[in-house]
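The values are calculated or read from the model by the stated rules, or taken from the named source; none is laboratory data. These numbers come from a predicted model, not from an experiment. For neighbour counting, all protein chains shown are included, and Cβ atoms are generated from backbone atoms with ideal geometry for every residue, glycine included. All accessible areas refer to the heavy atoms of the entire protein, side chains included, with ligands and DNA or RNA removed. Shrake-Rupley method; radii C 1.70, N 1.55, O 1.52, S 1.80 Å.
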Amino acid sequence: MWRFAALVLVLAAIPVAAQQAVPELYPETGEVRPDMPFPLTNEQQQAFDTFVSPPRYFGAFAASRDGAYGWFFNANDLATARDFAMSYCRNSRSTGPMPRCTVIATVVPEGFAGPSEGTLRFKAATDLAKLRNSRHYGGKRAMAASGGGAYGYVYNKPTRRMAEQEALHLCERYAKRGTRNLPAAPCSLVWTSR
């Protein structure tokens, strides 16, 4: 009985920040979830066919009735994929009125019923699993990710703070390259070793 009480006291003493929720590892295959309220033009249909061949999660395809479209895939969460697809669709024309875009399809992991944020795409999640579980990575380790699909991780660092700073720096550098004319999604720490 006293061991159980001691365990409860030890767990209660661990700061909430140290009790990190680690993103779930989803299957590699994605599933397209269409919601098409209007027929696509030939150009939109060709772009959509490219977008889903093969389906890469997290992704979204946005279109308007007047022919505008935009898509984004390999995001780390569905909310960011939707936001970026809508932005690309709205910015797809250099002249005329701004198109009234709507998300007409999303790509999520097979069987996905999870949240729209706080997730990782397959490659980032598998790299995180390796970083957490491998004996080959020594020292302090950390991973940072942005909703837009960027991520960075480091290992063999002498301090936790240095690992966190370098992981954030790598993620931010990668995030700036991956979103063409849109502002990069901000990076945040996903996991840090103790």
Of 108, 136, 119, which is farthest on the positive side of the dipole of the stretch 97-143, counting Cα position, with +1 on Lys and Arg Cβ, -1 on Asp and Glu Cβ, and the Cα centre as origin? 136
Could you do me a favour and compute the accessible area per residue for the stretch 91-181, 1.4 Å probe, result in Å²? 58 Å²
Give the cross-link partners of residue 140 among the lysines, using a straight C-alpha distance below 24 Å as the criterion and excluding same-chain residues fewer than 8 apart. 123, 130, 157
Cα gyration tensor category, rounded, prolate or oblate, for the stretch 115-161 with a/c compared to 1.5: prolate
Based on Cβ point charges of +1 for Lys and Arg and -1 for Asp and Glu, what charge dipole magnitude is obtained for the stretch 96-194 about its Cα centre, in debye rounded to the nearest 20? 380 debye
I need the calculated FRET efficiency for the pair residue 159 and residue 28, taking r as the beta carbon distance and R₀ as 41 Å, to the nearest 0.05. 0.75
Taking the C-alpha atoms of the stretch 91-194, convex hull volume expressed per residue in Å³: 120 Å³
Evaluated at q = 0.15 Å⁻¹: base-10 log I(q)/I(0), Debye formula over Cα of the stretch 48-145: -0.65
